[in-house]
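Quick notes on the structure that follows.
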Amino acid sequence: MWLECKSTRLGGKSTWLEDKSKWLEGKSTWLEGIRRVRAVKPSVMATDSPSSVAFRLSTPEDKDAVLSIHGNVYEGRDYLPAYYDKFMECAMTKSYVAVLDGEIVGFCASLLVDSGKTCVSRASRVSPRVASKGVYTALKAHAYAQSGAIRQTSVVVDANQAVLKPTFQVNKKLILTHLMTRYVFDAAQLTSLDVCPSQGVVNTPNQSALLRYLTTPAVSNYLFPDDRIVVDWIPFRLKPENVPLLTWSGSNCAGFTSVPEGESPSGLLSFDTIFKSIDPPYACNMEIYGTDITTLKHHLAFHLRRIRELTNGPTSLLVIVHPGFNHSYLKKTFREFGLETELWRSKVNPSLCYSKQFVFES
């Protein structure tokens, strides 16, 4: 009986060893699989499609194909048609496309700021053909990996449902939240712009003035409480090297200031960027910094005059301010120019409205 029991135990041990051998063999196969995945070049991503998605630098010849990727980007305020050629020429920007079976199905422009340490993704999009298949995420990751930056920033809006997903905010830090107000109008019909005398109250800031705003603690803390300045949806740290980029020649951007000389924290600093869009035909992003509203009407008059000079039809204007700004007074002042707010609704889901701008960093 003892020998029989021992034989049974040995037989069980043999089975256990055999199972362990199979498990080790399986683990070896799994590790080999991991090794092969890591060996894949970063420019190629495997998908469920018959072929793989390849990433490469975009070229001027890709423009028509890139602009055809998606028919509704930024709810008609797509700036890529106006910016594509500038991206190709800008030394600080590298643009990439995703290609599937010979068709361009994705695009992402990668802009370097903060002395090349921060990568900002711009005008990113993918075709509905590859939506929700990981191509968008992989393309942005590829652009970031190729940039050589040590961090990346994302500028998104609250109506973007992806922002609400826990997976989006993994390893991301919320840097700031700004409020957005939208106006849609034809500037040619504005008749009250010349009533407000602005010359001498508001001026165009030179590079020296912008440098002072970014680097003088009392002034920068007043204008930029989040330690960032966002112009044309590009977040910049308050670094001297970023000053020339605030109104870079690749964008139709202008700045106006009523901030006094010295370290007195008062007045306003504002920017606008005007470009051709899809629907309506023109768009403008306006950022206002500071909370002293005594010169607000003068700033708005300058910006609205610029819109009147540079557009020839309806314009979608987004006014972006810090949550601490007097929002009620902002709307009241626009009313004095005959303008009322208009909700910026999602065309896909009209119940969603765009009202906040978020900047995340990872």
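Worth pointing out:
- Applying both filters, DSSP loop and at most 12 other Cβ atoms within 10 Å, to the trypsin sites (Lys or Arg not before Pro) of region 207-273 eliminates every site.
- Share of alpha-carbon pairs per 10 Å distance bin for region 44-149, given as whole %: 15, 50, 30, 4, 0
- In terms of the mean number of neighbouring beta-carbon atoms within 10 Å, the peptides 326-338, 72-84, 122-134 order highest first as 72-84, 122-134, 326-338.
- Kirkwood-Stokes translational diffusion coefficient of region 66-223, alpha-carbon pairs, 25 °C, 0.890 mPa s, µm²/s: 129
- Centroid-to-centroid, using Cα positions, region 236-281 and region 128-198 are 17 Å apart.
- If the chain linking Asp158 and Lys117 were pulled fully straight, counting 0.36 nm for each residue of separation and taking away their Cα-Cα distance, it would gain 12.1 nm.
- Taking a straight Cα-Cα cut-off under 14 Å and skipping sequence neighbours fewer than 8 places away in the same chain, the aspartates and glutamates within cross-link reach of Lys172 are Glu361.
- Rounded to two decimals, the Cα-based Rg/Rh of region 177-361, with Kirkwood Rh, is 0.94.
- Using equal-weight Cα scatterers in the Debye expression, the normalised intensity of region 228-325 in log10 at q = 0.19, 0.21, 0.22 Å⁻¹ is -0.98, -1.16, -1.25.
- Percent RCO, i.e. relative contact order, over region 69-197, from Cα pairs under 8 Å lying at least 6 residues apart: 18
- Order by protection proxy (mean Cβ within 10 Å, highest first), peptides 100-108, 285-293, 144-152, 169-177: 285-293, 100-108, 144-152, 169-177
- Sorting the segments 239-246, 303-310 by their residues' average number of neighbouring beta-carbon atoms within 10 angstrom, most packed first, yields 303-310, 239-246.
- Tally of Lys pairs whose C-alpha atoms are under 15 Å apart, taken over region 44-149, 8 or more apart or cross-chain: 5
- Listed residues Leu139, Ser115, Tyr79: farthest to the positive end of the dipole of region 44-149 (Cβ charges): Ser115
- Compared with the direct C-alpha span, the chain from Lys239 to Glu340 gains 32.7 nm at full extension, assuming 0.36 nm per residue.
Coordinate-derived values only; no laboratory data. Computed from a prediction, not measured in an experiment: that's the story for all the values here. A quick note on method: Cβ atoms are made from the backbone with ideal geometry, for glycine too, and the neighbour counts reach across all protein chains shown.
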